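Asker: I'd like to ask you about the structure that follows.
All of the numbers you see were taken from the coordinates with simple rules; none came from a lab. Just so it is clear, the structure is predicted and the values come from calculations on it, not from any experiment. Please note: Cβ atoms are built from the backbone with ideal geometry, for glycine as well, and neighbour counts cover all protein chains shown.
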Amino acid sequence: MKSITIKGSKRESVGKKSSKALRNAGMIPCVIYGGDSTIQFSAAATEFKPLIYTPNVFTAKIELEDGVTINAVVQDIQFHPVSDKILHIDFYQLFEDKEITMNIPVKLVGTAPGVIKGGALRFNLRKLRVKALPANLPDFINANISKLKIGSKLYVTALKNDAYTIMHPDNTVVAQVRMARSAAKGGAEDDDEEEGEEATEGTEATAQE
């Protein structure tokens with residue numbers, strides 16, 4: 001998985017007043033959990049744009065002023081309820097020999113035959129929860145839909161990989177092709193017309209007898 005570098009500095013003081021002062025200065029207060037001790041640090045708000053405001057998923061390489069470098073992933077983000085500005089970010093430290101669970105984007109590959117024939121593609125899960133060692137975390141998961149006909153479903157079992165574990169039940173549907181509503185409605189109307197014609201023919205035959 002690709003990594004984004006964030007340059008920050010350890011916080012000498014913590015608390016509401018200190019955090020507010022940092023935000024007013026364009027900085028974001030952050031915490032790193034998961035290691036031997038909790039690390040409080042801050043970084044410029046601009047440092048987090050490529051990490052937060054993107055549909056992709058990245059790990060973070062946090063470089064602090066004292067020469068310490070920590071690999072981590074975003075665990076939680078607090079946004080302001082009105083302005084939607086970032087108030088605080090929690091990170092979780094990564095270790096090479098310790099598995100981590102993350103939500104990984106799903107990328108559809110190929111063209112579904114059912115769509116070509118008028119079906120509607122439904123993308124049920126755009127992200128999958130995956131457990132793996134940091135080195136085995138994928139940037140995204142390919143989901144091949146080239147065999148999906150109308151009425152077919154693609155289950156997570158088709159996306160299994162030895163490098164990671166997908167943390168969803170086997171019957172979880174990632175994508176499917178359903179009959180388009182317009183086609184279904186048209187088919188229903190045709191059925192009604194056929195039933196009407198059959199009923200008329202039946203009446204006429206009875207009358208002639």
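Asker: Would you kindly derive the ³J(HN,Hα) couplings of the range 8-22 from the backbone phi angles with the Karplus curve 6.51 cos²θ - 1.76 cosθ + 1.60 (θ = phi - 60°), listing them in order in whole Hz, with x for Gly and Pro?
Answerer: Values, residue by residue: x, 9, 5, 8, 7, 9, 10, x, 4, 5, 5, 5, 5, 5, 5 Hz.
Asker: Suppose the chain between residue 61 and residue 77 were pulled fully straight at 0.36 nm per residue; how much longer would it get relative to their current alpha carbon spacing?
Answerer: 4.1 nm
Asker: Between residue 178 and residue 20, how many nm apart are label points set 7 Å from Cα along the C-beta direction?
Answerer: The two pseudo-label positions are separated by 5.0 nm.
Asker: Using θ = phi - 60° and the Karplus relation 6.51 cos²θ - 1.76 cosθ + 1.60, list the HN-Hα couplings for the range 93-110 in order, rounded to whole Hz, with x at every Gly or Pro.
Answerer: With the stated coefficients, the range 93-110 comes to 6, 9, 10, 4, 9, 10, 5, 10, 10, 9, 8, 10, x, 9, 10, 6, 10, x Hz.
Asker: If you average the sequence gap of Cα pairs under 8 Å that are 6 or more apart and divide by the length of the chain, what percent do you get for the contact order?
Answerer: Averaging sequence separation for qualifying contacts and normalising by length gives 17 percent for the chain.
Asker: If you don't mind, there's one more thing I want to ask. Determine the gain in length on full extension of the stretch residue 7-residue 37; use 0.36 nm per residue of separation and subtract their C-alpha separation, reporting nm with one decimal.
Answerer: Residue separation times 0.36 nm, minus the Cα-Cα distance, leaves 8.8 nm.
Asker: In whole Å, what are the Cα extents of the chain along the three principal axes, biggest one first?
Answerer: Taking the Cα atoms of the chain, the three principal extents are 101, 43, 24 Å.
Asker: Suppose we take every Cα in the range 1-66 and form the convex hull; what volume per residue is that in Å³?
Answerer: Per-residue hull volume (Cα only) is 105 Å³.
Asker: For helix 181-208, report the angle its Cα long axis makes with the longest principal axis of the Cα atoms of the chain; keep it between 0 and 90° and round to the nearest 10°.
Answerer: On a 0 to 90 degree scale, this one is about 20.
Asker: Residue 162 versus residue 90, label points 7 Å from Cα toward the beta carbon: distance in nm?
Answerer: 3.6 nm
Asker: Here is a further query. What's the exposure ranking of 106, 82, going from fewest to most Cβ atoms within 10 Å?
Answerer: Details: 106 21, 82 6.
Sorted ascending by nearby Cβ count, the order is 82, 106.
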